[in-house]
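Engineer: I am attaching a structure below and will ask some questions about it afterwards.
The values are calculated or read from the model by the stated rules, or taken from the named source; none is laboratory data. Because the structure is a prediction, the values reported are computed rather than measured. Virtual Cβ from ideal backbone geometry, glycine too; neighbours counted across all protein chains shown. When the accessible area is computed, the model is the full protein with side chains, heavy atoms only, and any ligands, DNA or RNA have been set aside. Shrake-Rupley method; radii C 1.70, N 1.55, O 1.52, S 1.80 Å.
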Amino acid sequence: MKKLLVALLMIFSMAPMWANEAEPAEENKKLDAGSIIIGHVADAHSWHILDYYSSDSVMHSIAIPLPVILLNDGHWDIFMSSRFEHGHAVYRGYKLVGGEGQKEEIICVDAFGAPTGVVPYDFSITKTAAGILIAVVLLLVLLFTAKRGYKKRGVNAPKGVQSLVEMLVVFVRDEIAIPMIGEKKYERYLPYLLTLFFFIFLCNLLGLIPFFPAGANITGNIAVTATLALITFFITNFSGNKHYWKDIFNTPGVPWWLKAFPLMPLVEVVGMFTKPIVLMIRLFANMTAGHVISLGFVCIIFILTDTLGTTVGVVATPFSIFFQIFMGALDCLVSYIQAFVFTTLTALYIGMAVAEPEHEEA
C-alpha cells in the first residue's frame, strides 16, 4: 500500500510539467465569475492547476493531462488529453469542445476541423473519475492503517487513526444500522453502509480543499450521486421480502376500490423510484450549492474591483474572506451531515424492505 501511494504521488508531482501550454492573453478581459464557478464544479478531461502570465503577456496554463479513452466505429483510441492543447488542436480526428463554463465534450471532425456530427463513446478518466480513484486510495490507506493498529495493540485502547475509524464505525453501526434495520439483520448490510458513509464523507471533505490532489467536485457530480442511489435502489429491492412486495401491490388498510383502480399500487411503485431520486438530488444539490456559494464570495472581490474600482475591492475583501471562511466551516459540517443523511435513508429503505410484521415476530 505504501509503494502504491508513493508511486501515485510521484506521478502527480511530475504531471504539471506534462501540460504547460501557452495561450494568447486577451487585453482588458474582465473576470467571468460564471465560467470560473462552473469550471470548478463541472467535470473536465484535464485537471487544471493554475494560470499565470509570462513577461511577454502570454498566459500559460498548468494542468494535469488525463487519459482519453474513446470508442468510435468499433475501434478504441487511447491517448492523453494534452494532445488537444486545451481545445486548440485536433488529434486523430477528434476535438475537445466546450469548457469556459460549458460542458466539455469530444466530437469527431473532418480534415478541415469541421464537426462531422459524430460523437464517440467516451470512457475517459475525467477529473471526477480521477478524484474518485484518489479518494479510494486514501480511504484504503486510512483503513489499512487502522487495521495495523489493531494488530499491534490488540484489545488495548485505540490511538490516532485507529480511534477515529473505530468511532465512525461504531457510530454507523449503533446509530444507523441497528436502529433502522434491526439487530437480527443489520450485519448483512453493515459493510455497504460503512462503505457508503466513509466514501461520501471523504469525497465531501476532499472537495473543500482547493488544491491538487483534492478539489474535485465528486459528490457534486450528479452521475456519481445517481450511481450511489442506484446501488441503494437495487440492494433495497433485491432484499425485499414477500411482505414488502405485498404491501406495495396490496396496501393494507386501504379501501378496496383504491386497490382495484389501481391507484395505491401505482403510488407505491412510483415511490420505489422517487426514493433513490431523492437521495441523488439531495447530495448533489447540497454539495454543489456549497461550492458555488464559497466561490461566489471570492469572485465578489474581483467583480467589485472591476466595476467600482480598486478601493471598493480592497474594502470588500475582508468581508468576502470572512464569509468564505464561514461557508468553509459550514461546508465541513454539511459534508458530515450529507454522508449521515444518505447512509441513514439507505438504511431506512433497506429496513423497510426486510422488516417482518410485528404479529409474526410475536
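Engineer: Hey, can you tell me all the residues within the stretch 195-217 that are over 22 Å from A347 (Cβ atoms) and among the aliphatic types (A, V, I, L, M)?
Structural biologist: Filtering the stretch 195-217 for residues over 22 Å from A347 (Cβ atoms) gives 206-217.
Selection gives L206, L208, I209, A214, A216.
Engineer: As an exercise: evaluate A216 against (1) open to solvent by less than 50 Å² (accessible area, probe 1.4 Å); (2) part of a loop (DSSP other than H, G, I, E, B); (3) within 30 Å of H40 (Cβ to Cβ); (4) free of Cβ contacts under 8 Å to residues at least 40 places away in the same chain and give the number of the one condition it does not meet.
Structural biologist: (4)
Engineer: Could you tell me which numbered condition A223 fails, if it satisfies all but one of (1) open to solvent by 20 Å² or more (accessible area, probe 1.4 Å); (2) assigned to a loop (DSSP other than H, G, I, E, B)?
Structural biologist: (2)
For (1) among the polar types (S, T, N, Q); (2) surrounded by fewer than 17 Cβ atoms within 10 Å (Cβ to Cβ), each residue gets a yes or a no:
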residue	(1), (2)
N241	yes, yes
P255	no, yes
K275	no, no
R282	no, yes
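Engineer: Go through (1) open to solvent by 50 Å² or more (accessible area, probe 1.4 Å); (2) under 22 Å from F199 (Cα atoms); (3) not hydrophobic (A, V, I, L, M, F, W, C) for D122 and report which single condition fails.
Structural biologist: All conditions are met except number (2).
Engineer: How do the pairs read when you match residues in the stretch 63-91 that are more than 21 Å from G39 (Cβ to Cβ) with residues anywhere that are open to solvent by less than 40 Å² (accessible area, probe 1.4 Å) and of a type in the set (S, T, Y), using Cβ under 6 Å and keeping only pairs 6 or more apart or on different chains?
Structural biologist: That search, which allows pairs on different chains as well, returns I69/S124.
Engineer: What are the pairs with Cβ atoms under 6 angstrom where one residue, in the stretch 259-274, is under 13 Å from W245 (Cα atoms) and the other, located anywhere, is at pLDDT 75 or above and open to solvent by less than 60 Å² (accessible area, probe 1.4 Å)? Sequence gap at least six, or different chains.
Structural biologist: Within 6 Å, the pairs are E268/I248.
Engineer: While we're looking at this one, here's another question. Please state which one of I281, I303, I325 is over 16 Å from the mean Cα position of the chain (by Cα) and under 24 Å from A216 (Cβ atoms).
Structural biologist: Values: I281 fails: over 16 Å from the mean Cα position of the chain (by Cα); I303 fails: under 24 Å from A216 (Cβ atoms).
Just a single option satisfies the conditions, and that option is I325.
Engineer: While we're on this one: Looking at the stretch 179-205, which of its residues are over 20 Å from A216 (Cα atoms) and either open to solvent by less than 40 Å² (accessible area, probe 1.4 Å) or not in a helix (DSSP H, G or I) (or both)? Don't jump to the end; show me each part of the working.
Structural biologist: Going through the stretch 179-205, the residues over 20 Å from A216 (Cα atoms) turn out to be 179-194.
I181, G182, E183, K184, K185, Y186, Y189, L190, L193, L194, listed by residue number.
Engineer: Can you name every residue in the stretch 88-118 that is surrounded by fewer than 18 Cβ atoms within 10 Å (Cβ to Cβ) and within 25 Å of H40 (Cβ to Cβ)?
Structural biologist: H88, A89, V97, G98, E100, G101, Q102, K103, E105, I107
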